[in-house]
Amino acid sequence: MLSALTPKLGSILVILFGASIITFLFMFMIPGDPAWTIARGRYGESTITPEMLAEVRAETGLDQPLPIQYARWLANVVTGDLGISFLTKEPVGPYLGKAFLVTLQLTVISLVLSLILALPLGLIAALKPLSWIDTASTTISQFGISVPEYWLGPVLVLIFSVHFGVLPSAEWGDWKHMVLPAVVLGFRPLSYFTRMIRVGLVDVLRENYIRTAHAKGLAQSRVIGYHALRNALIPLITVVGLQFAGLLGGSVIVEVIFAVPGVGRLLYQSVMGRDLPVIQAGVLLVVGAMGVANVLADCVCLIADPTLRCAED
Amino acid sequence: MASPCSADPLTVAPAAAIGDFPPGGLSDAIVSRVATKSGRQSKTFFQRAFRTLAATGPGTILGLVILGLMIVLCALAPIIAPHDPTEMNMLARLQGPSWQYPLGTDGLGRCILTRLLYGGQISLGVSFLVTIATTLIGSVIGLASAMSSKLVDEAIMRFVDIVLAFPPVILVLVIAGLLKPDLTNLALALIIVGWSPFARLARIQAMVVKQREFVEAAICTGASSLRVAFRHIFPNVLGPLLALSFLRLGFALLSLAGLSFLGLGAQPPTPEWGVMLNEARRYMSIDPLVMLAPGATIFLATLSVSIAGEGLRMVLDPTHR
């Protein structure tokens, strides 16, 4: 099983290496002198002197050639030194970690919610293809893919916070704060999962072993629930992995709307405040987490589907 | 039309599908519907196209019609809009629908309908431009990769993998935000991020087509690799690329308005759908309509693009049936 994962792990390391180069180059995307940007971030705009700029250049290595700068930066990142935030003057690592945990929590909750809903929706749609209920489930998933979360969010706030007053509209704390953002975030995965389950089941139900199961007199519930579902859910694992990765990096807007203190909102604030160390560390963290999610999904696939393991041996 | 390599994708795709898929099941039901309906003798290209699209379900045509209608209405904004998009009427703030203001007014007393019509010129227009640019750039890079030596091909594709490893919204956010938040930079960021899926698809498809006899024949007749790529391979990979570009148009629409909503794109008082939505948030609890109208417009545009895109993909992209 490990041998099946080795090439994947290798390619993810290559991707991470490449991503770190791009992330490093973010510094030069800000118009003007990077040393000036850093000096402004540290000491404020009005107090910058040429001596300060020279000091910053020497300290950050901006006077050195690019590859050496990159190597120094990468060495710092790998050893856990993510730099000091321009805005809060604190080390980036700890509070980036805290924000990441919040995003992770939110992601897991919305994935679980959407999976719980998608199973019956996809199941019913697959059992009665092209019926009204199938059409309804397709329509729901179309809606889920197209609805802008920056509209759905405020609309739900309007209904549940302003009108009924049952759920808080922002901030983060107990479970009540998680409901609305998790529902809004879960809409898109719900759509993909429903489709995936339906397509997978429709394909599997055509297989000979399903006919055999019916023929030997098994109850419909056992044929569907045990024989069909087991195989139909394997393609779903990959999609769950992809959506998991997608949510980790795609919750910016929802986090901003609901004032969730996650990585997305932190990155948004850092971009608005030109807080370069936080931006670089945050983007790298998200890319890395997405890579890990990817590998995890592959592991689960290998465990769930023995034919994949055989193919490798 | 006469040469075999530039055959009309609308007719080629369903015909190829008949042999590939046994009857039965959901997706095949659609495929066979496509096949039987488009199999009839039709007179013009448009009739053929219409029949093929209609066979994928009522949604495809409906989506295209709604999208077309939105484009026409927004393009005609200077003629049909009842007011000026930035004209403020402080005496008529946050009004409900009336004959004077069909969709009411926003927090600064501006006509919402007018702003939606003008806003569409930016939201739809820039999304289309971004999508066209990403399709072209991605296709050229993908074709170049497929025609290059193994080493160059490998290098290009690794680079595509790296770009795809970034979460798109965050990459757009960082690029647009670090450059300087305005509409041009947001469009630029969307292009920088959006070309990679097209490159990957164009390369995969081109690799398949490259094996076909007519490409070999073209090479034998002494055609340059540039000519082989654009005259012989490109027309045959166009279908899936067009289908993908329609799906990516939805992403462009959503992220353009979404990042403008966050303050990274068009800046107030420009009438842009995302900007309107952001301005409306302040008055949400007093007057929900201010927020409902631009949101519903973005939703409708994305929905019709996505439904039509699904149908088009069924027709244009044989691999996704």
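The values are calculated or read from the model by the stated rules, or taken from the named source; none is laboratory data. Everything numeric here is computed off the predicted structure, so don't read it as measured data. Cβ: placed from backbone, ideal geometry, glycine included. Neighbour counts: every protein chain shown. Calculation scope for accessible area: heavy atoms of the full protein, side chains included, ligands and nucleic acids excluded. Shrake-Rupley method; radii C 1.70, N 1.55, O 1.52, S 1.80 Å.
Can you tell me the 0 to 90 degree angle between the C-alpha axis of helix B:58-75 and the longest principal axis of chain B, rounded to 10?
With rounding to tens, the tilt is 50 degrees.
About the Cα centre of chain A, how large is the charge dipole given +1 on each Lys and Arg Cβ and -1 on each Asp and Glu Cβ? Please answer in debye to the nearest 20.
1120 debye
Students sometimes get this wrong: rank B:CYS74, B:CYS220 by accessible area, probe 1.4 Å, all chains present, largest first.
If we order B:CYS74, B:CYS220 from most to least accessible, we get B:CYS220, B:CYS74.
Calculate how steeply helix A:2-25 sits against the longest principal axis of the alpha-carbon atoms of chain A, using the helix alpha-carbon long axis, and give the answer as 0 to 90 degrees to the nearest 10.
Its long axis makes an angle of about 40 degrees.
Any idea how far apart A:THR6 and B:ILE79 come out in nm if each label point goes 7 Å out from Cα toward Cβ?
If labels sit at A:THR6 and B:ILE79, their model points lie 6.9 nm apart.
Could you bin all the Cα-Cα distances of the stretch B:48-320 into 10 Å bins starting at 0 and give me the percent of pairs in each, rounded to whole numbers?
7, 25, 28, 22, 12, 5, 2, 0
How far is the Cα center of the stretch A:108-135 from the Cα center of the stretch A:240-259, in Å?
That distance is 21 Å.
Once you charge only the Cβ atoms, +1 for Lys and Arg and -1 for Asp and Glu, what is the size of the charge dipole of the stretch B:43-188 about its Cα centre, to the nearest 20 debye? Present the calculation step by step, with values, prior to reporting the outcome.
Working: 9 positive and 7 negative charges, 83 e Å.
Approximately 400 debye in magnitude.
Provide the solvent-accessible area of A:VAL287, counting protein heavy atoms only and rolling a 1.4 Å probe, rounded to the nearest 10 Å².
Counting only protein heavy atoms, the figure is 10 Å².
Hey, can you list the residues from the stretch A:125-159 whose accessible area shrinks by 30 Å² or more with all protein chains present, relative to the chain by itself (probe 1.4 Å, no ligands or nucleic acids)?
The answer is A:LEU130, A:GLN142, A:PHE143, A:SER146, A:PRO148, A:TYR150, A:TRP151, A:PRO154, A:LEU158 - residues whose exposure falls by at least 30 Å² when every protein chain is included.
How high is the FRET efficiency between A:MET272 and A:LEU16 when r is their beta carbon distance and R₀ equals 30 Å, given to the nearest 0.05? Let's see the in-between values first.
Working: r = 27 Å, r/R0 = 0.89.
E between A:MET272 and A:LEU16, to the nearest 0.05, is 0.65.
With label points built 7 Å along Cα→Cβ from the Cα atoms of A:THR307 and A:GLU59, find their separation and express it in nm.
Simple spin-label model gives 6.1 nm for this pair.
Got a sec? What order do B:ASP153, A:ASP174 fall in by accessible area at 1.4 Å, biggest, i.e. largest, first?
From most accessible down to least: A:ASP174, B:ASP153.
Counting other Cβ atoms within 10 Å of each Cβ, which chymotrypsin sites (Phe, Trp or Tyr not before Pro) in the stretch B:61-166 have at most 12 and sit in a DSSP loop?
Sites meeting the loop and neighbour criteria: B:TRP99.
Can you pull the semi-axes for the stretch A:166-266, root of five times each eigenvalue of the Cα gyration tensor, sorted largest first, whole Å?
Semi-axis lengths for the stretch A:166-266 are 39, 14, 9 Å.
Any chance you could run the full-extension gain for A:LEU74 through A:GLN220? It's 0.36 nm times the residue separation minus the Cα-Cα distance, nm to one decimal.
Contour length minus the Cα-Cα distance gives 46.8 nm.
Shape of chain A from its Cα gyration tensor (a ≥ b ≥ c, root eigenvalues): rounded if a/c is under 1.5, otherwise prolate when a/b > b/c, or oblate?
oblate
With every protein chain left in place, what is the accessible area of A:THR79 in Å² (1.4 Å probe, nearest 10)?
Number for this one is 110 Å².
Write down the Å³ per residue value for the convex hull defined by the alpha carbon atoms of the protein assembly as shown.
Details: hull volume 128.1 nm³, N = 634.
It is 202 Å³ per residue.
Relative contact order, percent, of the stretch A:211-270 when contacts are C-alpha pairs under 8 Å separated by at least 6 residues?
This gives 18 percent for the stretch A:211-270.
Tell me the carbon and sulfur percent of the accessible area for chain A, rounded to whole percent, probe radius 1.4 Å.
68 percent
Leaving out ligands and nucleic acids, note down the accessible area per residue over chain A with a 1.4 angstrom probe, in whole Å². Can you show the working numbers first?
Working: 14830 Å² over 313 residues.
Each residue of chain A exposes 47 Å² on average to a 1.4 Å probe.
Separation between the A:THR139 and A:PHE28 pseudo-spin-labels, each 7 Å from Cα along Cα→Cβ, expressed in nm?
Here the modelled spin labels are 5.4 nm apart.
Quick check: Cα centre of the stretch B:272-321 to Cα centre of the stretch B:117-139, how many Å?
15 Å
Under a 1.4 Å probe, what is the accessible area of the stretch B:48-320 per residue, stated in Å²?
Dividing the accessible area of the stretch B:48-320 by its residue count gives 41 Å².
So what is the 222 nm mean residue ellipticity for the protein assembly as shown from helices alone, if each DSSP H run of at least 4 adds -39500 (n - 2.57) and you divide by all residues, rounding to the nearest 500 deg cm²/dmol?
Numbers: 29 runs with 452 residues, N = 634.
Theoretical 222 nm ellipticity from helices: -23500 deg cm²/dmol.
Quote to one decimal, in nm, the extra length available between B:ARG231 and B:GLN100 on full extension: 0.36 nm per residue of separation minus the C-alpha distance between them.
Taking B:ARG231 through B:GLN100 to full extension adds about 41.7 nm, to one decimal.
How high is the FRET efficiency between B:PHE50 and B:THR184 when r is their beta carbon distance and R₀ equals 45 Å, given to the nearest 0.05? Before the final figure, lay out the partial values.
Values: r = 38 Å, r/R0 = 0.84.
After rounding to 0.05, the efficiency reads 0.75.
What figure, in Å² to the nearest 10, do you get for the accessible area of A:GLU51 with a 1.4 Å probe and non-protein molecules left out?
Taking all protein chains as shown, A:GLU51 has close to 130 Å².
Nearest 10 degrees is fine. How inclined is helix B:26-39 to the longest principal axis of chain B, computing both from alpha carbons?
Helix B:26-39 sits at roughly 80 degrees to that axis.
With a 1.4 Å probe and all protein chains in place, put B:LEU151, B:LEU64 in order of accessible area, largest first.
Heavy-atom accessible area, descending, gives B:LEU151, B:LEU64.
Tell me, what is the percent relative contact order of chain B, built from C-alpha pairs under 8 Å that lie six or more residues apart?
So the answer I get is 24 percent.
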